[in-house]
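The values are calculated or read from the model by the stated rules, or taken from the named source; none is laboratory data. Fair warning: this is a prediction, and the values are worked out from it, not measured in the lab. Neighbour counts are summed over all protein chains in view; Cβ atoms, including those assigned to glycine, are modelled from backbone coordinates with ideal geometry.
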2 protein chains.
Amino acid sequence: MKINVMTDVLEANDRIAAANREIFNRNRNLVVNLMSSPGAGKTTLLERTAEALAGKAKLGVITGDIETSRDAERIEKHNIPAVQLTTGTACHLDANMVASAFPYLDLSRIDILIIENVGNLVCPAEFKVGEDCKVMILSVTEGDEKPLKYPLMFRESSLLLINKIDILPFTNFNMEEARANALKMNPELEILEVSCTTGQGIEEWVSWLTQCWQNRVESLRSA
Amino acid sequence: MKINVMTDVLEANDRIAAANREIFNRNRNLVVNLMSSPGAGKTTLLERTAEALAGKAKLGVITGDIETSRDAERIEKHNIPAVQLTTGTACHLDANMVASAFPYLDLSRIDILIIENVGNLVCPAEFKVGEDCKVMILSVTEGDEKPLKYPLMFRESSLLLINKIDILPFTNFNMEEARANALKMNPELEILEVSCTTGQGIEEWVSWLTQCWQNRVESLRSA
């Protein structure tokens, strides 16, 4: 007999994700599941996003890490409500972990909720948390072949941010190759090149995000 | 009732790892479990190691990836026997996966076997595969706080290679902070700074590796 433990785990997770989704609908939140390798720049992107969204939309953050609350502390400095989930040994956030943050966030006062997943290119893509969309970051120091090696995350994402383009000249990263590899995995993937250090491309990313939020509000209104 | 699924999984894995160990003892292999984030430079390190070890010790490689056999192909170009394990959805190698490579490698003709784990800073550190030691790479583009966020891998490793030091000036990575954070997690951790691009530090790494191999041969002789 073969027991597929993973199937059971994912089905249970889907049920909790659907319950999270109801809560997000009720509070009219756009929810983005943000994923990348460790150190690709998720928290720095959130800091730049907080600055760029100020006065335009109310941002909230749930951030996952194996240990430490450093990321939430960095984000809170920008006057953004942030909840840190420490996962212990789990290499991803699941729907139940995300739900455990709700008592500590006033979702009714948040427009855009970004869930910063654990730094990992594999498992975070397997677990829905009730999000509207997944966004991933690939930094140019990681290599242009990563879409071929970690296909699921590229397939599941709506937007790929290629980060750290300020240090592109010091790497052997081939931008055309990276784009082609990513689109081979997911022909509908949108791609933006950014540098969270210099600010290049941040305006385009924030436009993309606020457009998603407006679409979300529209669709909730007509529902 | 609470069932700790993870404990059972790890116990079963330990039994297979012990069986792998017997096989490595019989073949007098030094076995290194090499771990890092995606894109930190594991395969490039193996290419540099293959060049530096030529004529000194016989290298063999087992390399794990979610998909593609690109890493094994890169390594085989250096006339090194290499087996690619594709893990599908698993974000780490376990002892059983490593054992599945044995029919495709002549272990009796290998001195140093390096097992290149899946790119992931979390789960690879939880699963023994029968190795003598774990070595991890942290690249300077990932951030100096990573030892605090992903403590287990730093605790389990004997050696930390801090890679990509050629692009250190273009990052905000603080080397002293990184060293202090890593040693806080594991006071016995050895640390070497390397650049697989310029070759800096590769000689020290290869000395470390061949010293481990000589110690291994000595201890098997006296056993």
(request) Run A:Glu145 past the list (1) under 24 Å from B:Pro124 (Cβ atoms); (2) surrounded by fewer than 22 Cβ atoms within 10 Å (Cβ to Cβ); (3) within 12 Å of the chain's Cα centre (by Cα) and report the number of the one that doesn't hold. (result) (3)
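Determine, yes or no, whether B:Val129 is more than 14 Å from chain A (Cβ to nearest Cβ), part of a loop (DSSP other than H, G, I, E, B) and under 16 Å from the mean Cα position of the chain (by Cα).
Considered against the rule, which asks whether it is more than 14 Å from chain A (Cβ to nearest Cβ), part of a loop (DSSP other than H, G, I, E, B) and under 16 Å from the mean Cα position of the chain (by Cα), B:Val129 comes out as yes.
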(request) Please indicate, with yes or no, whether at least one residue in the range A:117-125 is modelled with pLDDT of 95 or more, surrounded by fewer than 24 Cβ atoms within 10 Å (Cβ to Cβ) and among the small types (Gly, Ala, Ser). (result) yes
(message) Here are the criteria: (1) within 12 Å of chain A (Cβ to nearest Cβ); (2) over 25 Å from A:Tyr150 (Cα atoms); (3) among the polar types (S, T, N, Q); (4) surrounded by fewer than 19 Cβ atoms within 10 Å (Cβ to Cβ). Tell me which single one B:Thr197 does not satisfy.
(response) (2)
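Can you pull out every residue in the range A:155-172 that is crowded, with 24+ Cβ neighbours inside 10 Å, farther than 23 Å from A:Met97 by Cα and either in contact with a Lys or Arg (Cβ under 6 Å, 6 or more places away or on another chain) or more than 13 Å from every other protein chain (Cβ to nearest Cβ) (or both)? Please lay out each step first, then the result.
Residues of the range A:155-172 crowded, with 24+ Cβ neighbours inside 10 Å: A:157, A:160-164.
Narrowing further to those that are farther than 23 Å from A:Met97 by Cα: A:160-164.
Residues satisfying the conditions are A:Leu160, A:Leu161.
Have a look at A:Leu113, A:Leu85, A:Leu10 and point out the one that is at pLDDT 95 or above and among the aliphatic types (A, V, I, L, M). It would help to see each step written out before you state the result.
Values: A:Leu85 fails: at pLDDT 95 or above; A:Leu10 fails: at pLDDT 95 or above.
Only one candidate qualifies: A:Leu113.
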(message) Within the range A:187-197, does at least one residue satisfy the condition of being part of a helix (DSSP H, G or I), of a type in the set (Val, Ile, Thr) and closer than 28 Å to B:Leu168 by Cβ?
(response) no
(request) Have a look at B:Ile80, B:Ile137 and point out the one that is more than 14 Å from every other protein chain (Cβ to nearest Cβ) and under 19 Å from B:Thr43 (Cα atoms). (result) B:Ile80
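Residues checked against (1) within 14 Å of chain A (Cβ to nearest Cβ); (2) surrounded by fewer than 22 Cβ atoms within 10 Å (Cβ to Cβ); (3) within 18 Å of B:Leu85 (Cα to Cα):
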position: B:Asn27; (1), (2), (3): no, yes, no
position: B:Leu30; (1), (2), (3): no, no, no
position: B:Met35; (1), (2), (3): yes, no, yes
position: B:Ala40; (1), (2), (3): yes, no, no
position: B:Thr49; (1), (2), (3): no, no, no
position: B:Ala52; (1), (2), (3): no, yes, no
position: B:Thr68; (1), (2), (3): yes, yes, yes
position: B:Glu73; (1), (2), (3): yes, yes, yes
(request) Considering (1) under 17 Å from the mean Cα position of the chain (by Cα); (2) within 22 Å of A:Ser36 (Cβ to Cβ); (3) in a helix (DSSP H, G or I), say which one B:Ala178 fails and leave the rest. (result) (1)
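Taking into account only those residues within the range A:173-185 that are in contact (Cβ under 8 Å) with a residue 12 or more places away in the chain and surrounded by fewer than 18 Cβ atoms within 10 Å (Cβ to Cβ), which is farthest from the other protein chains (Cβ to nearest Cβ)? If you could, list the steps in order and put the result at the bottom.
Step one: list which residues in the range A:173-185 are in contact (Cβ under 8 Å) with a residue 12 or more places away in the chain, which gives A:173-175, A:177-179, A:181-182, A:184-185.
Now narrow it down to the ones that are surrounded by fewer than 18 Cβ atoms within 10 Å (Cβ to Cβ): A:174-175, A:177, A:179, A:184.
On the way: A:Asn174: 14, A:Met175: 15, A:Glu177: 12, A:Arg179: 17, A:Lys184: 12 Å.
Here the residue is A:Arg179.
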(request) Consider A:Leu138 carefully, then state whether it is surrounded by 16 or more Cβ atoms within 10 Å (Cβ to Cβ), assigned to a helix (DSSP H, G or I) and in contact (Cβ under 8 Å) with a residue 12 or more places away in the chain. (result) no
(request) Taking A:Leu152 as meeting all but one of (1) surrounded by fewer than 24 Cβ atoms within 10 Å (Cβ to Cβ); (2) within 14 Å of chain B (Cβ to nearest Cβ); (3) at positive phi, write down the number of the exception. (result) (3)
(message) Scan the range A:201-211 and tell me whether some residue there is surrounded by fewer than 23 Cβ atoms within 10 Å (Cβ to Cβ) and within 12 Å of chain B (Cβ to nearest Cβ).
(response) no
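Taking the range B:106-126, which residues are more than 14 Å from chain A (Cβ to nearest Cβ) and out of contact with any Leu (no Cβ under 8 Å at 6 or more places or on another chain)? Show your work before the answer.
Of all residues in the range B:106-126, those more than 14 Å from chain A (Cβ to nearest Cβ) come to B:106-115.
B:Asp106, B:Ser108, B:Arg109, listed by residue number.
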(message) Can you tell me which residue is nearest to B:Trp208 (Cα to Cα) among those in the range B:148-175 that are over 18 Å from the mean Cα position of the chain (by Cα) and among the β-branched types (Val, Ile, Thr)?
(response) B:Ile165
(request) Report yes if B:Ala54 is more than 16 Å from the chain's Cα centre (by Cα) and closer than 20 Å to B:Gly201 by Cα, otherwise no. (result) yes
